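A.B. asks: This is the structure I want to talk about, given as structure tokens.
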Amino acid sequence: QKFTGSPLRRPTGIAWHPGKELLYVAETGRHQVVAFDLQGIERLRFGGHGDGPGQFNFPTAVCVDHRGQVLVTDALNARIQVFTPEGHFVSAFGEPGDTSGTFAKPKGVAVDSEGHIYVCDALFDAVQIFSPAGRLLLAFGESGSGPGQFWMPAGIAVDGDDFIYVADSYNQRVQVFRYLNEKGRSKEGE
């Protein structure tokens, strides 16, 4: 199916919003996010180049959380931005840095069933987990090719059972993880 509207410039990330029946696309070349309906018709567009709230500097990934909010990795502004389904700015978190809780080059974003936000950082070779409010909960991974090590992780997804899938680009693999609570259990109590 062909999407109508302006031709896309470097689309890099997509996410489906089941409640709104919209496909959100991170359009890196225009520093925007655009949403299409089931017929491929452009329904909304938001963002623009800059570093202010609601502006982007190379958005690369999009996801929709359990509340229907749209999360976008704003790669060169080193942050995650949160929007309503209509594209209105809600909040942002993150800042440039080289320690846990900061970003060098966030590339992928995903949300689990409890609202935890997962961000893979291509330059840190790590995954960081944040609360819905953007507070760092946990970081894992390091540079390398062994289990739990990454080389330029570029994408992340979380399934309905809260398994975490990380596209480990330069290691040419996908690694699978599971988030456990403080008692070492998954949400099913395993």
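A.B. asks: Restricting attention to the stretch 110-151, and to residues there that are touching a Leu at 6+ places or on another chain (Cβ under 8 Å) and hydrophobic (A, V, I, L, M, F, W, C), which single residue is nearest to Val64 (Cα to Cα)?
C.D. replies: So the residue we want is Val111.
A.B. asks: Please state which one of Ala78, Ala110, Ala92 is crowded, with 16+ Cβ neighbours inside 10 Å, closer than 24 Å to Asp159 by Cβ and of a type in the set (A, V, I, L, M, F, W, C). I'd like the intermediate steps shown before the answer.
C.D. replies: Details: Ala78 fails: closer than 24 Å to Asp159 by Cβ; Ala92 fails: closer than 24 Å to Asp159 by Cβ.
Only one candidate qualifies: Ala110.
A.B. asks: From the set of residues in the stretch 17-64 that are surrounded by fewer than 12 Cβ atoms within 10 Å (Cβ to Cβ) and among the small types (Gly, Ala, Ser), which is farthest from His88 (Cα to Cα)?
C.D. replies: Among those residues, the one meeting the criterion is Gly19.
A.B. asks: Any idea which residue in the stretch 29-67 is nearest to Asp159 (Cα to Cα), counting only those that are of a type in the set (A, V, I, L, M) and part of a loop (DSSP other than H, G, I, E, B)? If you could, list the steps in order and put the result at the bottom.
C.D. replies: Of the residues in the stretch 29-67, the ones of a type in the set (A, V, I, L, M) are 33-35, 38, 41, 44, 61-62, 64.
Adding the requirement that they be part of a loop (DSSP other than H, G, I, E, B) leaves 38, 41.
Working: Leu38: 23, Ile41: 28 Å.
Per the criteria, the residue is Leu38.
A.B. asks: Residue by residue through the stretch 136-182, note down the ones that are in contact with a Phe, Trp or Tyr (Cβ under 8 Å, 6 or more places away or on another chain), of a type in the set (D, E, K, R) and not in a strand (DSSP E or B).
C.D. replies: Within the stretch 136-182, Glu142, Asp159, Asp162 meet the criteria.
A.B. asks: Check Ile156 against each of (1) farther than 19 Å from Leu180 by Cβ; (2) of a type outside the set (Gly, Ala, Ser); (3) touching a strand residue (DSSP E or B) at 6+ places or on another chain (Cβ under 7 Å) and name the one condition it does not meet.
C.D. replies: (1)
A.B. asks: Sticking with this structure for a sec: Is it true that Gly160 is of a type in the set (Gly, Ala, Ser), crowded, with 18+ Cβ neighbours inside 10 Å and under 22 Å from Arg67 (Cα atoms)?
C.D. replies: Details: of a type in the set (Gly, Ala, Ser): yes; crowded, with 18+ Cβ neighbours inside 10 Å: no; under 22 Å from Arg67 (Cα atoms): yes.
So Gly160 does not fit the description; no.
A.B. asks: Go through the stretch 37-57 and give me each residue that's in contact with a helix residue (DSSP H, G or I) (Cβ under 6 Å, 6 or more places away or on another chain) and under 17 Å from Arg9 (Cα atoms).
C.D. replies: Taking the stretch 37-57 and keeping what is in contact with a helix residue (DSSP H, G or I) (Cβ under 6 Å, 6 or more places away or on another chain), we get 51, 57.
If the condition is that a residue be in contact with a helix residue (DSSP H, G or I) (Cβ under 6 Å, 6 or more places away or on another chain) and under 17 Å from Arg9 (Cα atoms), then Asn57 is the only one that fits.
Read-outs: derived from the displayed coordinates by stated rules, not from any lab. Bear in mind the structure is a predicted one, so any value in this text is a computation, not a measurement. As a convention, Cβ positions derive from the backbone with ideal geometry for all residues, glycine included, and neighbour counts pool all protein chains shown.
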